[in-house]
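The values are calculated or read from the model by the stated rules, or taken from the named source; none is laboratory data. Since the structure is predicted, the reported quantities are computational estimates derived from the model, not experimental observations. Here Cβ is always computed from backbone atoms with ideal geometry, including for glycine, and neighbour counts include all displayed protein chains. The area values use the complete protein model at the heavy-atom level, side chains included, leaving out ligands, DNA and RNA. Shrake-Rupley method; radii C 1.70, N 1.55, O 1.52, S 1.80 Å.
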Amino acid sequence: MSEETQHFLDRLADIRAGRESEPTWIAARRQAGAARFEAMGFPTRRDEAWKYTDVRAIARGEFALARDAEFSPASAAALTLPIDTHRLTFVDGVFAPALSTLDGLPEGVSLQPLSAALVENHEAVGGPLGRLTGVEFSPFSALNTAFMEEGAVLRLAPGTVVEKPITLQFLSRRGEAPVMSHPRVLVQAGGRSQATLIEHHVGEEGAANFTNLVEEVILERNAILTHYKLQEAPLADLHIASIHVEQARDSRYTSFNLNLGGALVRTDLISELNGENATCDFYGLFYGEGRQHVDSHTLANHNAPHTFSNENYKGILDDRAHGVFNGKVVVKRDSQKIEGFQSNANLLLSDRAEIDAKPELEIYADDVKCSHGTTTGQLDEEAIYALRSRGIDRQTARGLLTLAFAGEVLEEVGLDAISERVELAVAGKLPERFNLAGLVEVAVALDDE
């Protein structure tokens, strides 16, 4: 066992003393996670799924565990999205009730921190928890299970329609020493329920912490969930996320995976389309600058006939940033009459930026409609010249064209507060004479020309 692995196991041993009274099944799962992590160790670039992503910055990190959720209310308010929402807030993985807004939850909605759900109704949580993302999925899922202590549990009763979005806010603090957190999120959407879930990762400038998230989403028949994951963590933060979705007949899951921050970011997004007419839409946009590394792995498993998946991911990389896109569509045997579409386009703003893209199709049925493709290019100098001839300076012209490239994804975003955050990051700080709210329309029109 490596020294790096032992360091994390030592941290686990430090907190076991306070868990004597917890249910036996929780202790058994944590033990299984620790044992699996000890056996696997951290992935290396010799592992096919991690060949483009070096996690030594995590493995060699000296991370403690946060013990409190102290955070300036004024600072938290400045980082919070200006959206009327039901909100659970966590500070370095610790639940912060003072920064949460749970008043007025509609009937049929249960939203709790995981720690409370495990105390109040651990048997109901225990069944689905870990069913989709077990300790075998990856070393990081095993590590998350070993440290599983806090997170969120969202339950929607059948037929429940939630008008306001529900937000899970994860704040990262700047401290004397880096900390790690292993949030666990469980979403259970009953039949015919509808909701919008916002997952927002953000923090104080200069924070250099490690977040290892595991999220399991279960959609019953006719359930509809729109899931925004806005990751704009501080530029020194390390972020690993595994999101696993199970879809029953006629359900619909729409994902917006928007990555703007973090030094090292890896997201695995998997949907199991288990019932006829189940549909998943994956929209992704990642933006990297400096030496940021952003890795997006997606998988749509068509396990039943008449299922549908659509994916559109855009990558924008500047300076020495490195992006990875690996999208896979799997059509199981006898899953006839499915449709699976996948598109990945990347824009390199610097000669030193790098992208590794690998779209994949794996098909075991013959009556299907599937396509995939990837492109990588740079800004068109003729288009820049055309804009400059209209009196627009070069920096603004580059921002407009970059925004035009992202527009196809941003047009699908249904929340202005989120799209504006992304637009500002992608287009840069354009001169005040331009109205940012209208730039997408202008940029797309220019792109069409």
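Details
- In the stretch 223-243, the residues that are surrounded by 20 or more Cβ atoms within 10 Å (Cβ to Cβ) and free of Cβ contacts under 8 Å to residues at least 40 places away in the same chain: Leu225, His227, Lys229, Gln231, His239, Ala241, Ile243
- For the stretch 15-52, a residue qualifies if it is assigned to a helix (DSSP H, G or I), at pLDDT below 90 and charged (D, E, K, R), and the qualifying residues are Arg16, Arg19.
- Inclusion of Ile392 among residues that are without any contact (Cβ under 8 Å) to a residue 12 or more places away in the chain and open to solvent by less than 30 Å² (accessible area, probe 1.4 Å) is warranted.
- Qualifying positions in the stretch 146-155 - outside any helix (DSSP H, G or I) and either touching a helix residue (DSSP H, G or I) at 6+ places or on another chain (Cβ under 8 Å) or open to solvent by 10 Å² or more (accessible area, probe 1.4 Å) (or both): Met148, Glu149, Glu150, Gly151, Ala152, Val153, Arg155
- Taken over the stretch 54-88, the criterion of being assigned to a loop (DSSP other than H, G, I, E, B), out of contact with any Pro (no Cβ under 9 Å at 6 or more places or on another chain) and of a type in the set (D, E, K, R) is satisfied by Asp54, Arg60, Arg67, Asp68, Glu70.
- Scanning the stretch 317-338 for residues that are surrounded by 24 or more Cβ atoms within 10 Å (Cβ to Cβ) and part of a strand (DSSP E or B) gives Leu317, Gly323, Phe325, Gly327, Val329, Val331, Ile338.
- Taking each residue of the stretch 101-118 that is open to solvent by 20 Å² or more (accessible area, probe 1.4 Å) and looking for partners that are of a type in the set (Asp, Glu) with beta-carbon atoms closer than 7 Å, six or more apart or interchain, yields Ser115/Glu149; Ser115/Glu150.
- Restricting attention to the stretch 182-214, the residues that are open to solvent by 10 Å² or more (accessible area, probe 1.4 Å) and hydroxyl-bearing (Ser, Thr, Tyr) total 2.
- Of all residues in the stretch 117-145, those satisfying the criterion of being hydrophobic (A, V, I, L, M, F, W, C), in a helix (DSSP H, G or I) and modelled with pLDDT of 95 or more are Phe140, Ala142, Leu143.
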